[in-house]
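The values are calculated or read from the model by the stated rules, or taken from the named source; none is laboratory data. Only a predicted model underlies this, so the values are computations on that prediction, with no experimental measurement involved. Cβ placement follows ideal geometry from the backbone for every residue including glycine, while neighbour counts extend to all protein chains displayed. For the accessible areas, the whole protein counts, side chains as well, though only heavy atoms, and no ligand, DNA or RNA atoms are used. Shrake-Rupley method; radii C 1.70, N 1.55, O 1.52, S 1.80 Å.
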Amino acid sequence: MTTRIDLDGRPIKPMTICMIGAGGFIGSHLCEKLMAETPHKVLALDVYSDKIKHLLEPDSLPWVGRIVFHRLNIKHDSRLEGLIKMADLTINFAAICTPADYNTRPLDTIYSNFIDALPVVKYCSDNNKRLIHFSTCEVYGKTIGSFLPKDSPLRKDPAYYVLKEDTSPCIFGSIQKQRWSYACAKQLIERLIYAEGAENGLDFSIVRPFNWIGPRMDFIPGIDGPIEGVPRVLACFGNNLLRREPLKLVDGGESQRTFVYIKDAIEAVLLMIENPDRANGHIFNVGNPNNEVTVRQLAEMMTKVYAKVSGEPSLESPTIDVSSKEFYGEGYDDSDKRIPDMTIINRQLGWNPKTSLWDLLESTLTYQHRTYAEAIKKSMVKPIAS
């Protein structure tokens, strides 16, 4: 393998990475990238290894010995600090990040995203180890524009809705709206990490993902996730399409979102890993503002893409409207828009996403359709009666 060069033309030394949550959607794609394209070693920490099983066996793999799986739960495992000490860099993906849980399991959500992350930050700071922490675009909460009158022309001014890491305020709903438990916990751990950097010299980068999408995305209930559950919007719609059910549009599907392809996003993470001088001390939006749609438009596009990849005709009535109370329960609230400003990541790392919304949906739905068909063959799920 040829020597890798960083953005400033310097050779990159092989490093050991402690990856917490390596068995999840993002972690599995990053492990693949690191094994295929770099000499770095990975200490892969997670409760499950299904999504990285193909990287761990057989022993004839070219990267054998460079990735070692450690089955552990960071809540209560004395091995955690020792593994962080063994590494040059720790990346923390661990979180509860399923919207329905924010309402129904707010305590678990707060503990998982704040309390359980505290030892990771402390061990990195105490042992002078670099940390890349995964946060969320939800820390921004609602846009300033959402508080303007509906007919205000300022609603179309990017200054009122584009989200900037260093200047945008974080605006949440009332305490009774428990949907914000996730965003608040994530914001507080960000503030703690930032304070550790300011007071104790912790080298850190914080990543705010804006809807990373692709194969192995969580989850198809009953196949790679709980039998019951309400995942994020794209996974929800994917499940509906697989089961030939109408796509449920919460409160009319008027919220706006952006989506970025997982392989584009992983390129950004690798740049952070290998360019610490450019990445340390920064918070990075990682998204694709060119792939902006309303949830209703997303449903319409996914219906067309799925018809193409599956060969199945679309339903006569492909969508139905439901209220947020009916879908998520009491205490739900939402942000109107999540459009990332890309100035900082472009300036520091020269990163820009490439994949169009249609192409990332085609890749994701092709994978989900194939996985679902294989699961039916293995009798993991029951086929939908026609």
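At 7 Å along the Cα-to-beta-carbon direction for both Lys13 and Asp336, put a label point, then send me their distance in nm to one decimal.
Each label point is offset 7 Å from its Cα along the Cβ direction, giving 5.1 nm.
How far is it, in nm, from the label point at Thr343 to the one at Phe147 when both lie 7 Å from their Cα along the line to the Cβ?
Rounded to a tenth, the inter-label distance reads 2.1 nm.
For Asp166, put the label point 7 Å out on the Cα→Cβ axis and report which residues of the stretch 345-369 keep their amide N under 11 Å from it.
345, 347-348
I need to check one value: relative contact order of the stretch 95-375, counting alpha carbon pairs closer than 8 Å and at least 6 residues apart, in percent. Walk me through the numbers before you get to the answer.
Numbers: 464 pairs, mean separation 72.5, N = 281.
RCO, the stretch 95-375: 26 percent.
Taking all protein chains as present, what is the carbon and sulfur share of the accessible area of the chain, in % to the nearest whole number, probe 1.4 Å?
52
Just name one of Asn285, Leu154, Thr303: the one whose Cα is farthest towards the positive end of the charge dipole of the stretch 95-375 (beta-carbon charges, Lys/Arg +1, Asp/Glu -1).
Of Asn285, Leu154, Thr303, it is Leu154.
Treat every Asp and Glu Cβ in the chain as -1 and every Lys and Arg Cβ as +1, leave all other atoms uncharged, and give the resulting dipole magnitude about the Cα centre to the nearest 20 debye.
Dipole magnitude for the chain comes out near 380 debye.
Give me the net charge of Lys85's neighbourhood, meaning all other residues with Cβ under 11 Å from the Cβ of Lys85; Lys, Arg count +1, Asp, Glu -1.
Details: positive: Arg79, Lys129; negative: Glu81, Asp88, Asp126.
Residues near Lys85 contribute -1 overall.
Specify which residue in the list Leu241, Leu55, Ile345 is farthest towards the positive end of the charge dipole of the chain, using unit charges on the beta carbon of Lys, Arg (+1) and Asp, Glu (-1), about the Cα centre.
Of the candidates, Leu55 comes out farthest on the positive side.
Whole number in Å², please: accessible area per residue of the chain, 1.4 Å probe, ligands, DNA and RNA not counted.
Details: 17920 Å² over 386 residues.
On a per-residue basis, the chain sits at 46 Å².
Grab the other residues whose beta carbon is less than 15 angstrom from that of Ala36, score K and R as +1, D and E as -1, and report the net.
My count for the surroundings of Ala36 gives +1.
Going by average Cβ neighbours within 10 Å, how do the peptides 19-32, 268-281 rank, with the highest at the top? Could the numbers behind the result be given before it?
On the way: 19-32: 24.3, 268-281: 19.9.
The most tightly packed comes first, giving 19-32, 268-281.
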